[in-house]
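Engineer: First the structure, then my questions, so here it is.
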Amino acid sequence: MTLTQQIITVALCAIATMATRFIPFLLFTPDKPTPKYIQYLGRALPSAIFGMLVIYCLKDVSLFSGSRGAPEAIAIAVVVLLHLWRRNMLLSIAGGTVCYMVLVQTIF
Amino acid sequence: MESKKLKALKCAFPKTVPIFAGFWFLGISYGIMMRTQGFSFLYPTLMAITIFGGSLEFVAASMLLGAFAPLQTLLVSFMIQARHLFYGIAMLEKYKGTGWKKPYLIYAMCDESFSINCSTEIPPGVDKGWFMFFVSLLNQIYWVSGAMIGGLLGSLVKFDTEGLSFVMTAMFVVIFLDSFLKEKQHISSFIGIGASVICLLIFGSESFMIPTMVCITVLLTLSRRQIEKREGDET
């Protein structure tokens, strides 16, 4: 690839990304009332998206080979238990991450 | 005026600490990867600024090494990034009235900034616009500086950080759990997890996101009456 082609390639990646981020705001501008259906989706989507992002992070975990997702399952359990216990976001995240690092570096 | 910004910054910074850890780890790895593929540190730095979306930046590296294919680049990028369409719909209300910060907030709306801005209940007395601005800005600074440092260091550094990227997974688990504990009904949460798992099993990790988004939209549309009834919405 020439430098120009590289610049175009990176620009296209950026344009596509910005399109996905800006399109909803360009379609539903504040000066017109947002359709009720879209308002509903706006309220109902966040919890579905958070669930989707958890799975997205785990997408490359193989359940049928290697450690079969065991370190991930254990570390997530630690995160959940720590969070139910103390409700401290930083503690839960740090605890789960340290647990995961110990697991993958030593046991698995 | 000054104290308003400072207050928002003080409130925003702790929320971004896990992202700092995750973004430096991933950003530095990304910079190192680009450098070992033969790119100058300017590439990861400029790509981190302009694209600002981790997963696509890794894919873009392989695009740059392949043949020039503009249409394919555009389509693949759009498909990888399509989940941001959801973020926009979810943030239509929250980003309202943020003035000049709004275009920046939308431009910088990566997975992590979206999740923090969408899930945080901003304490009274803290300016919403400035809070979300600082969350987005800090996250972007972490990512860009990480990518630049990685690009400069190349493979000089070797550190035993295997597993550190789990910090992102842990953060999304906490955000999901917080929202799950707070909500009046769990239909939407179950739809999010269920649709993603089923589509991942059917379509595989490379191409399950678009089908997942379609499934979530369809299922949320079908259960609208039930969700609104349980939420007690007037609409």
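Just so you know, all these numbers are worked out from the coordinates, no wet-lab data involved. Quick caveat, the model's predicted, so the values are computed rather than measured. Heads up, the Cβs are rebuilt from the backbone with ideal geometry, glycines too, and the neighbour counts pull from every protein chain shown.
Engineer: Using the structure shown, list the pairs from A:Lys36/B:Lys10; B:Lys94/B:Lys229; A:Lys59/B:Lys94; A:Lys32/B:Lys10; B:Lys128/B:Lys229 with a Cα-Cα distance above 25 Å, or answer none.
Structural biologist: A:Lys36/B:Lys10; A:Lys59/B:Lys94; A:Lys32/B:Lys10; B:Lys128/B:Lys229
Engineer: Taking a ≥ b ≥ c as the square roots of the eigenvalues of the Cα gyration tensor of segment A:1-77, is the shape rounded (a/c under 1.5), prolate (a/b larger than b/c) or oblate?
Structural biologist: Because a/c hits 1.5 or more and a/b fails to exceed b/c, segment A:1-77 counts as oblate.
Engineer: Express the Stokes-Einstein translational diffusion coefficient of segment B:19-144 in µm² s⁻¹, to the nearest whole number, given a Kirkwood radius over alpha-carbon pairs, 4 °C and a viscosity of 1.567 mPa s.
Structural biologist: 82 µm²/s
Engineer: When a/c reaches 1.5 or more, the comparison of a/b and b/c decides; with that in mind, is chain B rounded, prolate or oblate per its Cα gyration tensor?
Structural biologist: Verdict is oblate for chain B.
Engineer: Can you tell me the 0 to 90 degree angle between the C-alpha axis of helix B:70-81 and the longest principal axis of chain B, rounded to 10?
Structural biologist: 50 degrees
Engineer: Ok, one more. Net charge near B:Trp143, counting Lys/Arg +1 and Asp/Glu -1 over other residues with Cβ under 13 Å of its Cβ?
Structural biologist: -3
Engineer: Something else about it: Out of B:Asn139, B:Phe58, B:Gly163, whose Cα points farthest toward the positive end of the dipole of segment B:2-163 (charges: +1 Lys, Arg; -1 Asp, Glu; placed on Cβ)?
Structural biologist: B:Asn139
Engineer: Still on this structure: Sort A:19-29, B:86-96 for me by packing, meaning the mean count of neighbouring Cβ atoms within 10 Å per residue, highest on top.
Structural biologist: B:86-96, A:19-29
Engineer: Running a GNM on chain A with Cα contacts under 10 Å, which residue among A:Ala14, A:Ala48, A:Ala94 ends up with the highest mean-square fluctuation?
Structural biologist: Result: A:Ala14 has the largest fluctuation of those listed.
Engineer: Compute the signed sum of charges (Lys and Arg +1, Asp and Glu -1) over the other residues within less than 10 Å, Cβ to Cβ, of A:Tyr100.
Structural biologist: Surrounding charge for A:Tyr100 is -2.
Engineer: Hey, another quick one. Residues of A:83-92, mean number of Cβ from any other protein chain within 10 Å of their own Cβ, rounded to a whole number?
Structural biologist: Going residue by residue through A:83-92 and averaging, the value is 4.
Engineer: Would the protein assembly as shown count as rounded, prolate or oblate if I go by the C-alpha gyration tensor, calling it rounded below 1.5 in a/c and otherwise prolate when a/b exceeds b/c, oblate otherwise?
Structural biologist: rounded
Engineer: Further, regarding this structure: If we sort B:114-122, B:68-76 on the protection proxy, mean other Cβ atoms within 10 Å, highest first, what's the order?
Structural biologist: Averaged packing, sorted descending, gives the order B:114-122, B:68-76.
Engineer: If each of B:Ser205 and A:Ile15 carries a label point 7 Å out from its Cα toward its Cβ, how far apart are those two points in nm?
Structural biologist: Going by the 7 Å Cα→Cβ label model, 3.2 nm.
Engineer: Further question on the same structure: Between A:Ser65 and A:Thr4, what is 0.36 nm times their sequence separation minus the Cα-Cα distance? Round to one decimal in nm.
Structural biologist: Extra length from A:Ser65 to A:Thr4 when fully extended: 17.7 nm.
Engineer: For helix A:36-57, what angle does its Cα long axis make with the longest principal axis of chain A, in degrees from 0 to 90 and rounded to 10?
Structural biologist: So the helix axis and the longest Cα principal axis differ by about 40 degrees.
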